[in-house]
Amino acid sequence: MAGHSQFKNIMHRKGKQDAMRSKMFGKLAREITVAAKLGTPDPAMNPRLRLAITAARAENMPKDNIERAIKKAIGSDGENYDEMRYEGYGPGGVAVIVEALTDNRNRAASDIRSYFTKSGGNLGETGSVSFMFDRVGVIEYDAKVASDDAMLEAAIEAGADDVVSSEDGHEVYASPETFREVAKGLEAKFGEARKAALIWKPQNTIAVDDETGEKLFKLLDVLNEHDDVQNVYANFEVSDALAAKMSA
């Protein structure tokens, strides 16, 4: 299993803790506010807002929190956030992409640079590692929603590019251009997805040993802990033993 997926699963299991959940709700609310401010507060007319709300529901974020985040965008006194992307190399030469929404660019850049440096990595220029990733849309469903064959058939019919099914669920991939139509097609057949988002998918992964893997997980952990950081992607894979250890 690729490292970014392993890390996502580990964070999801740890995310059940109250403190982590509160922080996650804060990040989801920030994305909802930004999406509503950049477009329209109506999710039916604003694809990004619709995706943000879908992500919030998937994490069981209360409806009141979602509505409050949308109203915050309408108010004239709401904070303004800049969308930033940071790229660099972590331990073992693993490529890392960090997406952030920040109200203080200098603070965010300084903090993230220090995290990379302390881990033995280094922050590079925008574009320094993103060429090793593909920008794609992913739509995720629980495994129980459909059989592997049924999901594959529906995804092909909807215009998807690829499907990866496992015991963790179904991941349907589509280009950024067809992503919205594929998501709508699958929703009509299987209901609302547990996740629908544009992500950075590694073209290839680097296998790292357990010692390097632990350092890498610590870097990804501290990045995700930062209030400004929305998403973190990396192109590595680790042993199942380390993944089990880190999620314990």
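Out of the range 67-80, which residues are at pLDDT 90 or above and under 21 Å from HIS226 (Cα atoms)?
Result: ALA69, single match.
Among the residues of the range 180-210 satisfying the criterion of being outside any loop (DSSP other than H, G, I, E, B) and among the acidic types (Asp, Glu), which is surrounded by the most Cβ atoms within 10 Å (Cβ to Cβ)?
Selected residue: GLU187.
Of the residues TYR81, TYR89, only one is closer than 30 Å to ASP209 by Cβ, among the hydroxyl-bearing types (Ser, Thr, Tyr) and open to solvent by 30 Å² or more (accessible area, probe 1.4 Å); which?
Exactly one of TYR81, TYR89 is closer than 30 Å to ASP209 by Cβ, among the hydroxyl-bearing types (Ser, Thr, Tyr) and open to solvent by 30 Å² or more (accessible area, probe 1.4 Å), namely TYR89.
Here is a list of conditions, (1) touching a helix residue (DSSP H, G or I) at 6+ places or on another chain (Cβ under 7 Å); (2) more than 30 Å from ILE32 (Cβ to Cβ); (3) open to solvent by 40 Å² or more (accessible area, probe 1.4 Å); (4) not aliphatic (A, V, I, L, M), and GLY213 meets all of them except one; can you say which number that is?
Against the list (1) touching a helix residue (DSSP H, G or I) at 6+ places or on another chain (Cβ under 7 Å); (2) more than 30 Å from ILE32 (Cβ to Cβ); (3) open to solvent by 40 Å² or more (accessible area, probe 1.4 Å); (4) not aliphatic (A, V, I, L, M), GLY213 comes up short only on (3).
Taking the range 137-170 as the region of interest, how many residues are part of a loop (DSSP other than H, G, I, E, B), open to solvent by less than 70 Å² (accessible area, probe 1.4 Å) and more than 14 Å from ARG194 (Cβ to Cβ)?
Total satisfying the criteria: 3.
Of these, ALA158, ALA100, which one is in the same structural domain as LYS189 (by the TED database) and under 24 Å from LEU51 (Cα atoms)?
Of ALA158, ALA100, the one residue that is in the same structural domain as LYS189 (by the TED database) and under 24 Å from LEU51 (Cα atoms) is ALA158.
Kindly indicate the residue of the range 44-74 that is of a type in the set (S, T, N, Q) and assigned to a loop (DSSP other than H, G, I, E, B) and also surrounded by the most Cβ atoms within 10 Å (Cβ to Cβ) among those meeting that condition.
Ranking the qualifying residues of the range 44-74, first place goes to ASN46.
Would you tally the residues in the range 111-126 being more than 11 Å from LYS215 (Cα to Cα) and either open to solvent by 70 Å² or more (accessible area, probe 1.4 Å) or assigned to a strand (DSSP E or B) (or both)?
Total satisfying the criteria: 7.
Output yes when any residue across the range 232-243 is open to solvent by 20 Å² or more (accessible area, probe 1.4 Å) and within 26 Å of PRO43 (Cβ to Cβ), and no when none is.
Checked the range 232-243: at least one residue is open to solvent by 20 Å² or more (accessible area, probe 1.4 Å) and within 26 Å of PRO43 (Cβ to Cβ).
The values are calculated or read from the model by the stated rules, or taken from the named source; none is laboratory data. Since the model is a prediction, treat every value here as computed from it, not as a measurement. All Cβ positions, even for glycine, are placed from backbone atoms using ideal geometry, and neighbour counts span all protein chains on display. For the accessible areas, the whole protein counts, side chains as well, though only heavy atoms, and no ligand, DNA or RNA atoms are used. Shrake-Rupley method; radii C 1.70, N 1.55, O 1.52, S 1.80 Å.
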